[in-house]
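**Student:** Got a structure here, written out as C-alpha cells. Questions coming.
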Amino acid sequence: MKDFNYHSAKDSKEASKLASSSSAFLAGGMTTIPSMKLGLATYKDLIDIKNIKKLSGIKVSGKSVTIGAATKHVEVSNSKDVKKAIPSLSSLAEGIGDPQVRNRGTIGGSIANNDPSADYPSACIALNATIHTNERKIEAAKFFKGMFETALKKGELIEAIEFQIPEKSSYQKHPNPASRYAIVGVYVAKHKGDVNVAVTGAKSCVYNDKEMSKALSGNFSSSSIDGMDLDSSEMNTDMHASAEFRASLVVTQAKKAVDAC
Amino acid sequence: MGKISLEVNGRKVEKEAPDNTLLSTFLREHLQLTGTHIGCDTSQCGACVVHVDGNSLKSCTALAADVNGSKVTTIEGLETNGKMHPMQEAFKKLHGLQCGFCTPGMVMSAVDLLQKNKKPSDTEIRDWLEGNICRCTGYQNIVAAVKEAATKM
C-alpha cells in the first residue's frame, strides 16, 4: 500500500477542512483499505471520522429511524429500536459480509461508496431516506448517481441517514455465496399510498423498479408481479449470473419480499 | 510516521510506525507476534482475526493507526500461565485443525462468538465462521470443537 498521511478528525468541521482532491474519509475502512491495498485507489490523506461522536448512534421517532453515518452494521442489526421500527433494516444489516466486517463497516461508508451490489443503497431508496450531510439534506432518489458515484461533493461528509418507517417492508437478497454481496437484492417497502421496489446488484446502480412499484401499488400481492418480463438490456452479466438470469431473479426476489411483508 | 499506543495481550506497547502500517503488519513485524497469520491479505480468509476492544476484526484490513489506544488480543494472548484456552484445548482434542494455517483466526473468531452467544447451534457456529476459510476444508471438526469449547467456557 502506498504511503499516506493519517488524520483523526475530532468533528465534521475539522474533517471537511482536512479534505482535499487527494483525500478520502475513513470510517470502517472495509472497502477503502482493500482498494488501497490493491492499488485501485491512492490518497495523500486519509481522514478518520469514526471518532467523531456525533456520527454514531440510532434515533427512532414516530415516523423515522435516523442512523449516524459511522454506526456499524453490528449496531444496526443488534438494535432493538431498529428491530421494532423497521425489522427488515435490521435483518439487512445482519446479512452484510461476515461478523468481522459487520463489527467494523459503517452505514455511511457503504452509502458513500455506492457499490452496485451493496445492500444499504436499496434500503435508502425503498425507505425514502434522506441523507444528511454537513452541508445539506439529499433525498435518496437524487443521491445515487451511478456506479460508485453519488451526489456528494469533495469534502462533503455524510452525518446521518434518516429512513422513513414504512407500513410493511422486506429485503430479500440472493447473495454471492463467497462475498455475501447481492447478486440481486430487492427491498420492497409499502408506504401509505405507494410501494417502492428498490433493486441492487442487477444494474450499474441501485434503482426503483417503476413497473413493479406501479403493479404493487395497485394490488399489494405477489401475484400482481408474477411472471413479469423485465427488460434485461441494462442488467449486469458476470461469472455469477447472466443479465437474463438477473432479470428473472429480480422478480423472484421481489415476490419473496412481498410474501414476507 | 506516528506513534502507535496499544495494549496487546495485557502489555502496553508504544512504537513509531508509518501511517500505512496495517494492524497485521504491526503485530507480526513490529511486535514479532507471528501467531496472527496473513492468508489472503484481502479480508476474505480470516486467518488474521484478532480482538480489538473485545470484538473480532480482520487485522489485515485495519490500520494500526485507526485502532490506536485500543486493547488488542491475539492468539498468543489466550493462554493463561502456560495453560491453553478452552477453545485451543477443544481444537486440539477434536482435531479441529489439519495444516493449522487458518487456526489462529478460527480460534479468535470462535472465542468472540462464545462471548456473544454462550450456546450456539451448529447453524449459528457455521454462520459466524463465514469469514474464516479453511482450505483443508476441515469444517466438521472445527464446528465440533467450538461446540465442545462452549461446554467448558
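The values are calculated or read from the model by the stated rules, or taken from the named source; none is laboratory data. All values derive from a computational prediction rather than experimental measurement. Positions of Cβ are generated from backbone atoms using ideal geometry, with glycine treated the same way; all protein chains shown enter the neighbour counts.
**Student:** Do the conditions hold for A:Glu156, that is, is it farther than 17 Å from A:Asn236 by Cβ and in a loop (DSSP other than H, G, I, E, B)? Steps first, please.
**Tutor:** Values: farther than 17 Å from A:Asn236 by Cβ: yes; in a loop (DSSP other than H, G, I, E, B): yes.
Taking the combined requirement at face value, the residue satisfies it.
**Student:** Kindly indicate which of A:Arg180, A:Arg246 is more than 21 Å from A:Phe143 (Cα to Cα), among the basic types (Lys, Arg) and not in a helix (DSSP H, G or I).
**Tutor:** A:Arg180 is the lone residue from the list that is more than 21 Å from A:Phe143 (Cα to Cα), among the basic types (Lys, Arg) and not in a helix (DSSP H, G or I).
**Student:** Of all residues in region B:119-144, which are part of a loop (DSSP other than H, G, I, E, B), away from chain A (no Cβ under 14 Å) and over 18 Å from the mean Cα position of the chain (by Cα)?
**Tutor:** B:Lys119, B:Ser121, B:Cys136, B:Thr137
**Student:** Could you figure out which of (1) closer than 30 Å to B:Met106 by Cβ; (2) surrounded by fewer than 22 Cβ atoms within 10 Å (Cβ to Cβ); (3) within 14 Å of chain B (Cβ to nearest Cβ) isn't true of A:Lys83?
**Tutor:** Condition not satisfied by A:Lys83: (3).
**Student:** If we keep just the residues of region A:208-252 that are touching a residue at least 60 places away in the same chain (Cβ under 8 Å), over 24 Å from A:Lys192 (Cβ atoms) and within 20 Å of the chain's Cα centre (by Cα), which is surrounded by the most Cβ atoms within 10 Å (Cβ to Cβ)?
**Tutor:** Looking at residues that are touching a residue at least 60 places away in the same chain (Cβ under 8 Å), over 24 Å from A:Lys192 (Cβ atoms) and within 20 Å of the chain's Cα centre (by Cα), I get A:Val250.
**Student:** Suppose we filter region A:23-47 for residues that are aromatic (Phe, Trp, Tyr) and either away from chain B (no Cβ under 14 Å) or over 20 Å from A:Glu162 (Cβ atoms) (or both); how many remain?
**Tutor:** So the answer is 1.
**Student:** Got at least one residue in region B:41-48 being of a type in the set (Ser, Thr, Tyr) and farther than 23 Å from A:Leu38 by Cα? Steps first, answer last, please.
**Tutor:** Pass one, region B:41-48, residues of a type in the set (Ser, Thr, Tyr): B:42-43.
Subset that is farther than 23 Å from A:Leu38 by Cα: none.
Among the residues of region B:41-48, not one is of a type in the set (Ser, Thr, Tyr) and farther than 23 Å from A:Leu38 by Cα, which makes the answer no.
**Student:** Against the conditions (1) within 14 Å of chain A (Cβ to nearest Cβ); (2) closer than 30 Å to A:Glu75 by Cβ, where does B:Lys12 fall short? Just the number, please.
**Tutor:** (1)
**Student:** Shifting gears a bit: Name the residue that is nearest to the chain's Cα centre (by Cα), counting only residues in region B:26-49 that are buried (at least 22 other Cβ atoms within 10 Å of the Cβ) and within 10 Å of chain A (Cβ to nearest Cβ).
**Tutor:** Going through region B:26-49, the residues buried (at least 22 other Cβ atoms within 10 Å of the Cβ) turn out to be B:26-27, B:36, B:43, B:45-49.
Filter once more, so that each one left must be within 10 Å of chain A (Cβ to nearest Cβ): B:43, B:46, B:48-49.
On the way: B:Ser43: 13, B:Gly46: 8, B:Cys48: 6, B:Val49: 4 Å.
Ranking the candidates gives B:Val49 first.
**Student:** Return the total of residues in region A:1-16 being in a helix (DSSP H, G or I) and either within 11 Å of chain B (Cβ to nearest Cβ) or free of Cβ contacts under 8 Å to residues at least 40 places away in the same chain (or both). Steps first, answer last, please.
**Tutor:** In the first step, residues of region A:1-16 are kept if they are in a helix (DSSP H, G or I); the result is A:12-16.
Keeping just the survivors that are either within 11 Å of chain B (Cβ to nearest Cβ) or free of Cβ contacts under 8 Å to residues at least 40 places away in the same chain (or both) gives A:14.
Summing the residues that are in a helix (DSSP H, G or I) and either within 11 Å of chain B (Cβ to nearest Cβ) or free of Cβ contacts under 8 Å to residues at least 40 places away in the same chain (or both) in region A:1-16 gives 1.
**Student:** Ok, one more. What is the one condition in (1) surrounded by 19 or more Cβ atoms within 10 Å (Cβ to Cβ); (2) over 20 Å from the mean Cα position of the chain (by Cα); (3) under 27 Å from A:Ile96 (Cβ atoms) that A:Val184 does not satisfy?
**Tutor:** For A:Val184, the failing item is (2).
**Student:** Write out, first by first residue and then by second, each pair whose Cβ atoms fall under 9 Å of each other, whose residues are 6+ apart or on separate chains, and whose first residue, in region A:91-115, is in the same structural domain as A:Tyr187 (by TED's automatic domain parsing) while the second is of a type in the set (Ser, Thr, Tyr) and modelled with pLDDT of 95 or more.
**Tutor:** Close Cβ pairs satisfying both conditions: none exist.
**Student:** From the list A:Gly62, A:Gly57, exactly one residue is over 27 Å from B:Leu114 (Cβ atoms) and modelled with pLDDT under 95. Which is it?
**Tutor:** On the way: A:Gly57 fails: modelled with pLDDT under 95.
After applying the criteria, what remains is A:Gly62.
**Student:** Sticking with this one: Give the residues of region B:60-75 that are free of Cβ contacts under 8 Å to residues at least 60 places away in the same chain, touching a Gly at 6+ places or on another chain (Cβ under 8 Å) and within 9 Å of chain A (Cβ to nearest Cβ), sorted by residue number.
**Tutor:** Passing the criteria: B:Thr61, B:Ala62, B:Leu63, B:Asp66.
**Student:** Could you count how many residues in region A:48-78 are touching a Phe, Trp or Tyr at 6+ places or on another chain (Cβ under 7 Å), within 11 Å of chain B (Cβ to nearest Cβ) and not in a loop (DSSP other than H, G, I, E, B)? Step through it out loud before you land on a result.
**Tutor:** The first filter runs over region A:48-78 and keeps only residues touching a Phe, Trp or Tyr at 6+ places or on another chain (Cβ under 7 Å), leaving A:48-49, A:64-65.
From what is left, the residues that are within 11 Å of chain B (Cβ to nearest Cβ) are A:48-49.
Still in the running and not in a loop (DSSP other than H, G, I, E, B): A:48.
Within region A:48-78, residues that are touching a Phe, Trp or Tyr at 6+ places or on another chain (Cβ under 7 Å), within 11 Å of chain B (Cβ to nearest Cβ) and not in a loop (DSSP other than H, G, I, E, B) number 1.
**Student:** Across region B:1-37, what is the number of residues that are closer than 30 Å to B:Cys99 by Cα, assigned to a strand (DSSP E or B) and of a type in the set (Val, Ile, Thr)?
**Tutor:** Going through region B:1-37 one residue at a time, the tally reaches 1.
**Student:** For B:Leu57, state whether it is crowded, with 19+ Cβ neighbours inside 10 Å, assigned to a helix (DSSP H, G or I) and within 14 Å of chain A (Cβ to nearest Cβ). First the steps, then the outcome.
**Tutor:** On the way: crowded, with 19+ Cβ neighbours inside 10 Å: yes; assigned to a helix (DSSP H, G or I): no; within 14 Å of chain A (Cβ to nearest Cβ): yes.
In short, no.
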